[in-house]
Amino acid sequence: QKEVEQNSGPLSVPEGAIASLNCTYSDRGSQSFFWYRQYSGKSPELIMSIYSNGDKEDGRFTAQLNKASQYVSLLIRDSQPSDSATYLCALVYYGNNRLAFGKGNQVVVIP
Amino acid sequence: NAGVTQTPKFQVLKTGQSMTLQCAQDMNHNSMYWYRQDPGMGLRLIYYSASEGTTDKGEVPNGYNVSRLNKREFSLRLESAAPSQTSVYFCASSEATGPYGYTFGSGTRLTVV
């Protein structure tokens, strides 16, 4: 059973629009959630962390967490070509304190 | 501030050869990890070290060994490389296991022919 699901295919958005990414998870005990950005050929880079239900904003990024429904999302406002990357959802397993990653969603921002 | 340094960046091995991937961090982190990333499979944990002197298996440990040499260094060894080990390998570190984000190294692209 996959613990972290990112099912959407590549997402193309026009420059200036909002990109919305979703992630669902199976471990109800998970408490810590992260979004990583990975440019092609580069390593993952942490861009957001969220631990409580609700929204957390950091610049153009907003992470949303709903533990009852077991999903976490990432919104990118005013998308820029530099936001074109793969975004990885990750969470800490309850009980073993290790990160599990989703397969990622590719975002392409079209100028 | 270098963060997490991995060497080498690229490597081509013949089937059956051995090699060690090196990883060092200068952030005084306690926990270190080795992941592999394959197309369509995402990041999968090979081994991790919660603290100096301890190592544990992750999701895909077969064919690999690790050594936590000291607090800074965590190496990954392939004793007898197989084509199935062709992948991009990432080392990462964190302040501790638990609710902390990881800092990743730049990766090693390994091809086994």
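Structural remarks
- Descending Cα extents along the principal axes, chain A, whole Å: 44, 29, 21
- A cut-off under 14 angstrom between Cβ atoms defines the neighbours of A:Ser32, and their net charge, with Lys, Arg +1 and Asp, Glu -1, is +1.
- The stretch A:1-64 gives an Rg/Rh value of 0.96, both radii derived from C-alpha positions and Rh following Kirkwood.
- The orientation-averaged projection of the convex hull spanning the C-alpha atoms of the stretch A:39-81 amounts to 3.9 square nanometres.
- Computed over the protein assembly as shown, the ratio Rg/Rh where both radii use C-alpha atoms and Rh is Kirkwood: 0.97
- Over all directions, the projected convex hull of the C-alpha atoms in chain B averages 6.5 nm² in area.
- Computed from phi, the 3J(HN,Hα) profile of the stretch A:102-111 under the Karplus parametrisation 6.51, -1.76, 1.60 (θ = phi - 60°) reads x, 6, x, 10, 7, 10, 10, 9, 9, x Hz, with x in place of Gly and Pro.
- Size descriptors for the stretch B:13-61 (Cα atoms only): Rg and Dmax, in that order, 12.9, 36 Å.
- Charge tally for B:Ala82 (other residues, Cβ to Cβ under 15 Å; Lys, Arg +1; Asp, Glu -1): +1.
- Relative contact order for chain B, counting Cα pairs under 8 Å that sit 6 or more residues apart, in percent: 36 percent
No lab work stands behind these numbers, since they all come straight from the coordinates. Because the structure is a prediction, the values reported are computed rather than measured. Neighbour counts are summed over all protein chains in view; Cβ atoms, including those assigned to glycine, are modelled from backbone coordinates with ideal geometry.
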